[in-house]
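Take a look at the structure below.
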Amino acid sequence: MREVANPFEAVQWQAVLGDESFVQKLRDRVKGLRKQRQEITSLRKAAAPIEPDRILQRVAERYRVDRERLVARGERGLHASNVAMWMIWEMGNKSLREIGELFGGLDYAAVAQRIRRTRSSHDSIAARKLKAAMLNV
């Protein structure tokens with residue numbers, strides 16, 4: 001009876017299993033993703049940022065909500081809060097972590113999820129109108 005070679009014996013300190021061509025394709029793909037992520041960050045930083053306080057004030061006025069309520073940690077499901085996070089992310093220069101701290105210590109993953117949901121709830125025309133309204137700060 002012939003013994004089958006264990007593929008795990010040749011693997012040392014690797015996170016990817018596969019032949020060299022597969023591993024190289026994966027490396028190239030990951031490098032491309034990193035470059036794309038850096039480009040997005042640099043594009044956000046290239047625009048003149050608007051201060052978060054000005055955005056918060058504008059959102060509070062538009063949605064008729066107290067500014068303090070916008071940034072309160074316990075305010076789940078408050079659409080105005082989510083819009084404020086989205087606008088600060090889009091038009092400011094704050095990281096997700098910094099936005100989370102501004103909104104009562106939210107985790108950056110929760111901030112990212114709220115931004116994504118809020119962005120997807122607006123079609124492109126509504127999003128453009130909302131950004132224009134926020135730019136008139």
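Taken together, the values in this text are just the output of simple stated rules run on the coordinates, not laboratory data. Since this is a predicted model, take the numbers as computed values, not measurements. Neighbour counts are summed over all protein chains in view; Cβ atoms, including those assigned to glycine, are modelled from backbone coordinates with ideal geometry.
List of remarks:
- Globularity ratio of region 88-128, using Cα Rg and 2.2 N^0.38 Å: 1.20
- Cβ crowding within 10 Å averaged over residues, with 21-27, 85-91 ranked highest first: 85-91, 21-27
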